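Report on the following structure.
The values are calculated or read from the model by the stated rules, or taken from the named source; none is laboratory data. Given the structure is predicted, the values throughout are model-derived calculations rather than measurements. Don't worry about glycine lacking a Cβ; one is built from the backbone with ideal geometry, like all the others, and counts go over all protein chains shown.
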Amino acid sequence: MRKLLVAFVTMLSIPLAGQSKRPLQSDDIFEVKTVADPRISADGAWVAYTVSQMDRKDDTSDTDIYMIPTVASLRQGQADGAIRLTSSKKPETSPRWSPDGRSLAFLSSRDGKKEQVYLLDRRGGDAQVLTDYKTGVASFAWAPDSSRLAIVVSDPDPNDSEAEKDDAAGQAKKPKPHVITRLQFMRDGEGYLTDVKRHIHVFDTATKKEFEVAHDRWDDGAPVWSPDGTLIAFSANRTDNPDANDNTDVFVVEARAGAKPRALTTSPGSDGSPAFSPDGKSIAYVQGGDSKDIWYATNNVAVIAVSGGTPRVLTPNVDRNIRSPQFTPDGTKVLFLLEEGGNVHLASVPAGGGPIDRLLNGERDLTSYDVAKSGDIVYLDSQSQRPGEVFFVARAFQARDRGAESPAPQPTRLTHVNDDFLSKIALGTVERYKAKSADGTMIDAYLTRPPNVPAGRLPTILRIHGGPVSQYSTGFNLEWQILAAKGFAVVAANPRGSSGYGRDFSRAIWADWGNKDYDDVMAAVDTAVAMGVADPDRLGVGGWSYGGILTDHVISKTTRFKAAISGASEFNYLANYGNDHYQRQWEAELGLPWQQPEAWMRISPFFRMDKIVTPTLVLGGDQDMNVPILGGQQLYQGLKRLGRDAELIVYPGENHGLRRPSFLKDRYDRYIAWYEKYLKAPATKTSSQ
């Protein structure tokens, strides 16, 4: 019998009392809005951000840009409340303030099929389109003088049938065959890959004249400007065969036509996300981990001189994933987001090296942040009872720099996008707890209880996250809440393989999927049973992507679950070679399949097909190149051949992440119906193996 630890339970939050509140419904996906990408003006007076919402009538999602004054500007008597800046039916994204604070640029395809840069005057008026690139704009960045943009643009594809005009009879041109010569020949969301490359252009916002910085055979990454506007930094893989490795490096290039990029970093890992120091002499960046560890590696913040030399690693002992480094306005510290044990914090480290300071600590899930020249910070923070909202910290570093006797500045919440809707909804409580796995490893887990349900044993669903290298966090999880609203307890864990717990914890499942991580998620369920919450005779399991993959392992190793949902899963890994976009990762972890077939078969649940008796709902998108529907079809075919209860749902035109709102609602409805069918019927004893 597996050893259990009924640990002290941390209550993350408790919903407001009130009998008038109703349970969450699958239809509510059309009500919940998503806030993202907060950007603060240089003077700290305004914050721009995006709000996304699904449209039931048009069966699409739309994103618009808003701006809101900060607390400082409110105190000065300026306008209060959020101001909606865009309202077209096409998504508007990537709001970016000009350094002088007068303009706000963003991306939209409102006037065509391809995204272009638009410009808004902060004082009012309609947005004006700036660019007219045939292939659209991938990303952009303002120059410090606010007169130029660095823009990433793809070269025209001569085989792009969409770019061709209809013939005289009004008939569309016939599509051309895909001609493929690359090692990495497809990618989910992009389709079959060509040799067309993305390059950096410099665009003058007044004259609308532009030039290409460096035209060569490699792709350029997102650009950032030096403070004096003479250099552009970016990350790119400029090895002889970029499809064969993840070796991106940081480059700098002069902001002139035909300039040749100069490599600053040379490590074999994935170096990226460069950020200039205020004096322009250094660049902070994310230094990738050991490339041999592929996605199981952790990374670091490093600083390197713009003139070149040996980089200085600022976080050598952190052993966690780090992203989005930025210098503080005075250049003395480097800020970054730190993924750590089910949370994401905003942290800093002295630019010359020293101890890490977790500025925004505790049970937080920060997804993005921005810093003004004034020293003000905005960030997006999500909690278990609230989707992400924008928060503001005035002069965030001044008090901390004066010493421990000065109180830390307190964040102020700026946006309340979902408050009205959530005030009518009864949400389930989310509790964090520890579980001891079979070998004694401690695992973080979360338990979401149904709202307004008396204490006692409940039908319980184990939901497994994707990745495998990702983590469940203390942020808002709509899926947990929708299932809990139907009377289910929801168990979710961060098993080995997850990020946020160090390289060894993540790499523990190397070439051994479905063993240690299986023990870990089972321990989370066993602990929920020991807590008196989970009914051991009414257990369900499911997940999407790696969550579906591990679900397949679970149901092929135990019969204790009465219902399973396998979304976008792989089943016979040999069959995935050449059918998904992970060939290099497969080869690194398992070897070439014709040389190491035993390794591939050993961890494929396909070869334990006859052990599966759990009724299983299988789902996926028919255009998924990440985890193709092939795996789900194999699982379904085997289950039907064995006479098991199974159903296959294929979403037409969908990639790995479903986008069509009606399909997203359909998926939730099917989750609920499947679990209710098998977990709310009169309980019957099942094996506890």
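State all residues of segment 333-356 that are more than 22 Å from the chain's Cα centre (by Cα) and touching a residue at least 60 places away in the same chain (Cβ under 8 Å); if no residue qualifies, say none. Scanning segment 333-356 gives 333, 351.
Restricting to segment 236-251, name every residue that is in a loop (DSSP other than H, G, I, E, B), under 24 Å from the mean Cα position of the chain (by Cα) and touching a residue at least 24 places away in the same chain (Cβ under 8 Å).
Narrowing segment 236-251 to residues in a loop (DSSP other than H, G, I, E, B): 237-241, 245-248.
Okay, now just the ones that are also under 24 Å from the mean Cα position of the chain (by Cα), so 237, 245-248.
Across segment 236-251, the qualifying residues are 245, 246, 247, 248.
Cβ-Cβ contacts under 7 Å between residues 6 or more apart (or on different chains), taken from a first residue in segment 588-604 that is touching a residue at least 40 places away in the same chain (Cβ under 8 Å) to a second residue that is among the hydroxyl-bearing types (Ser, Thr, Tyr) and not in a loop (DSSP other than H, G, I, E, B), are listed as 603/573.
A quick yes/no check of all residues on (1) exposed (fewer than 15 other Cβ atoms within 10 Å of the Cβ); (2) among the small types (Gly, Ala, Ser); (3) in contact with a strand residue (DSSP E or B) (Cβ under 8 Å, 6 or more places away or on another chain):
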| position | (1), (2), (3) |
| --- | --- |
| 594 | yes, no, no |
| 606 | no, no, no |
| 610 | yes, no, no |
| 624 | no, no, no |
| 637 | no, no, no |
| 643 | yes, yes, no |
| 648 | no, no, yes |
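crowded, with 18+ Cβ neighbours inside 10 Å, among the acidic types (Asp, Glu) and part of a loop (DSSP other than H, G, I, E, B), is that true of residue 220?
On the way: crowded, with 18+ Cβ neighbours inside 10 Å: yes; among the acidic types (Asp, Glu): yes; part of a loop (DSSP other than H, G, I, E, B): yes.
Criteria met by residue 220.
Which fully enclosed helices (runs of 4 or more DSSP H) of segment 565-618 have 1 or more residues being out of contact with any helix residue (DSSP H, G or I) (no Cβ under 8 Å at 6 or more places or on another chain)? Give the steps one after another, and end with the answer.
Details: elements: 573-576, 583-590, 597-602.
The helices (runs of 4 or more DSSP H) meeting that bar are 583-590, 597-602.
For segment 412-443, a residue qualifies if it is at pLDDT 95 or above, assigned to a strand (DSSP E or B) and out of contact with any Pro (no Cβ under 9 Å at 6 or more places or on another chain), and the qualifying residues are 430, 431, 432, 433, 434, 435, 436, 442. Criterion first (assigned to a helix (DSSP H, G or I) and either among the small types (Gly, Ala, Ser) or more than 27 Å from the chain's Cα centre (by Cα) (or both)) does residue 635 satisfy it? Criteria met by residue 635. Within segment 292-299, none of the residues are within 30 Å of residue 423 (Cα to Cα) and surrounded by 23 or more Cβ atoms within 10 Å (Cβ to Cβ).
Restricting attention to segment 235-250 and to residues that are touching a Phe, Trp or Tyr at 6+ places or on another chain (Cβ under 6 Å) and surrounded by 18 or more Cβ atoms within 10 Å (Cβ to Cβ), the residue that is nearest to residue 583 (Cα to Cα) turns out to be 236.
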